[in-house]
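Each remark here refers to the structure printed beneath this line.
Please treat every number below as a calculation from the coordinates, not as lab data. Computed from a prediction, not measured in an experiment: that's the story for all the values here. Every residue, glycine as well, gets a Cβ built from its backbone with ideal geometry; the counts of neighbours run over all protein chains shown.
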Amino acid sequence: MRFFTDGEVDDPEALATVPAGSQVVVVDGFGGTDAALGDIQAPRAVIGNDTAEFRIQISTGRGGAGAGTVSLVIGDQRVASVDVQPLAPFADRTVTARARVPNVAGSSLVHAIVSTAGDAEPRNDTLTTVLEVSPAAGAVLVSTSPDLDSREALALLRGALALPTRGFYRIAPGVWRQDGSLAPANEGEIRAIVRDAPLVVLHGDTAVFGAPRSATKGALTLFATPPEGSADWYATGAPPSPVSAALSAAAWDSLPPLDVASDVPAGEWVALETRRGRRFERRNAIVGREAARRTVIVGASGFWRWRVRGGAASDAFGALWGGLFDWLSGGRTDARAAVSADAVVHAGDAIRWRRGAGDDSVVVVALTRRDATARVDSMMLRFTEGDNIVESRPLAPGVYDVQTTGGNSVLAVNPSRELYPRRAIRSGAVGRGSSLADAPRLRSLGWVYAVVILALCAEWLLRRRLGMR
């Protein structure tokens with residue numbers, strides 16, 4: 001079998017499954033210089049006038065790319081520019097741009113634009129995503145003892161909820177820094193943000209602003225750091241609670257130990273149960289209360305060990321904290337009935353939608369493309385029970401205004417992935433799979449040996465009955 005290709009394929013590893021002896025013939029294709037934007041990692045929601053970080057991936061084809069710049073445009077304002085050095089063929093490079101987000105409430109388009117000398121394919125030079133800008137914080141984390149736990153929890157808080165999130169760290173008495181930029185922060189302003197935020201996480205000294213339930217009117221997570229020398233506690237189960245379903249597949253034996261305090265107060269439910277050295281002594285690490293307002297009390301630390309181990313432990317970290325934050329926000333992180341689930345969407349890809357605040361299983365979405373035709377299309381999204389993600393048909397490149405119950409949003413569809421460089425393969429032999437023309441050999445069939453043995457036994461018995469030796 002012989003395959004002809006230009007050498008750029010989406011899944012080179014799949015060639016190992018073709019019949020052995022197959023050949024790949026690479027036909028020389030486009031060889032000019034080309035720099036394309038393969039991905040942009042950006043927060044989904046931010047607060048106006050805050051500084052946000054954008055990570056932009058540049059990819060090249062078989063001709064490489066010359067020096068140039070990557071520009072970042074939010075709305076109609078160019079907010080950052082990064083110089084790019086020449087890139088080798090089939091190379092990937094990620095550049096980071098930090099920029100102040102214009103204080104324009106609503107959905108803002110973010111355009112990353114690469115410009116290099118001699119670029120031969122302009123259709124893959126711009127990548128667009130959508131940024132939700134809010135005038136106030138939807139969630140805030142305040143830590144008086146910054147550590148890996150607080151950093152990982154803040155990262156997951158930003159990823160789990162479609163809410164603009166802020167983080168503040170106290171690095172010395174009276175000295176506060178903002179997460180990310182590490183710019184100085186005023187304690188009075190932090191108090192005001194905590195007071196008005198719908199969801200607050202207090203880490204370390206939970207009484208830093210006085211009685212926690214008086215310091216804020218929102219849902220509350222109290223994350224107190226246990227004393228040293230209590231790291232011999234292992235998570236062993238998740239009793240029935242609002243987050244137990246998310247932890248139903250947790251591999252408890254693979255989770256690293258935690259530091260657990262001995263004075264965790266009682267709650268209405270227990271989210272995480274631990275045992276000392278996996279023996280009989282038991283402590284509750286996380287409890288929750290719903291009376292008056294939703295509150296989670298975390299009397300353990302060391303969850304970062306789950307995160308950095310990766311695999312099943314990292315999945316358990318995401319399931320635990322994602323479930324807690326989702327419950328604290330009431331499961332209603334977005335007032336809109338449905339929003340796009342992916343930050344970057346390409347033509348030809350199915351559009352993935354995430355259910356928002358609505359409880360209806362059927363959501364009507366109206367799409368209006370921003371062009372001369374301004375054509376309006378409508379579709380129905382059907383969410384099954386327990387499934388918060390559904391897919392719809394691909395859309396042509398462009399910017400679409402999305403109308404649903406509860407509010408509007410914006411969807412940006414980028415050009416097809418066919419226009420972007422992909423991994424290259426070379427001509428030669430491929431495949432380790434068996435060919436359809438390969439007939440099975442007799443000695444590879446086990447049942448043949450069984451038939452031969454049975455025949456010999458039958459012959460021996462027959463000769464004995466006849467008096468033969």
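Side notes on the structure shown:
- If you plug the beta carbon distance of residue 466 and residue 445 into 1/(1 + (r/R0)^6) with R0 = 25 Å, you get a FRET efficiency near 0.20.
- Cα gyration tensor shape for region 245-362, rounded if a/c is under 1.5, else prolate or oblate: oblate
- With contacts taken as Cα pairs under 8 Å at a separation of at least 6 residues, region 1-154 carries a relative contact order of 24 percent.
- Label-zone membership for region 192-227, site residue 136, 7 angstrom Cα→C-beta point, backbone N under 17 Å: 192-201, 214-220
- Length gained when the stretch residue 103-residue 217 is fully extended (0.36 nm per residue, less Cα-Cα span): 38.5 nm
- DSSP beta bridge pairing in the chain, given as percent antiparallel to the nearest 5: 75
- When you restrict to C-alpha pairs under 8 Å that are six or more residues apart and normalise by the size of the chain, the relative contact order lands at 15 percent.
- Within region 139-328, the proportion of Cα pairs with more than 23 Å between them is 38 percent.
- Each peptide in 411-419, 293-301, 447-455 was scored by the mean count of other Cβ atoms within 10 Å over its residues; highest first, the order is 293-301, 411-419, 447-455.
- Spin-label pair residue 314-residue 147: with each label point 7 Å from Cα along the Cα-Cβ axis, the two points sit 2.2 nm from one another.
- What you get for the chain, charging only the Cβ of Lys and Arg (+1) and of Asp and Glu (-1), is a dipole of about 1520 debye around the Cα centre.
- Projected label distance in nm at residue 41 and residue 192, using a 7 Å step from Cα toward the beta-carbon: 3.4
- Mean projected area in nm² (Cα convex hull; one quarter of hull surface) for the chain: 35.5
- Loop-located trypsin sites (Lys or Arg not before Pro) in region 326-415 (DSSP state not H, G, I, E or B) with no more than 15 neighbouring Cβ atoms inside 10 Å: 332, 370, 375.
- Estimated FRET transfer efficiency (residue 262, residue 379; beta-carbon r; R0 41 Å; 0.05): 0.15
- Extended-chain gain in nm, criterion 0.36 nm per residue less alpha-carbon gap, residue 175 and residue 232: 17.2 nm
- For region 91-112 and region 120-153, distance of Cα centres in Å: 10
- Between residue 94 and residue 245, the modelled label-to-label distance comes to 3.3 nm, taking each label 7 Å out from Cα in the direction of the beta carbon.
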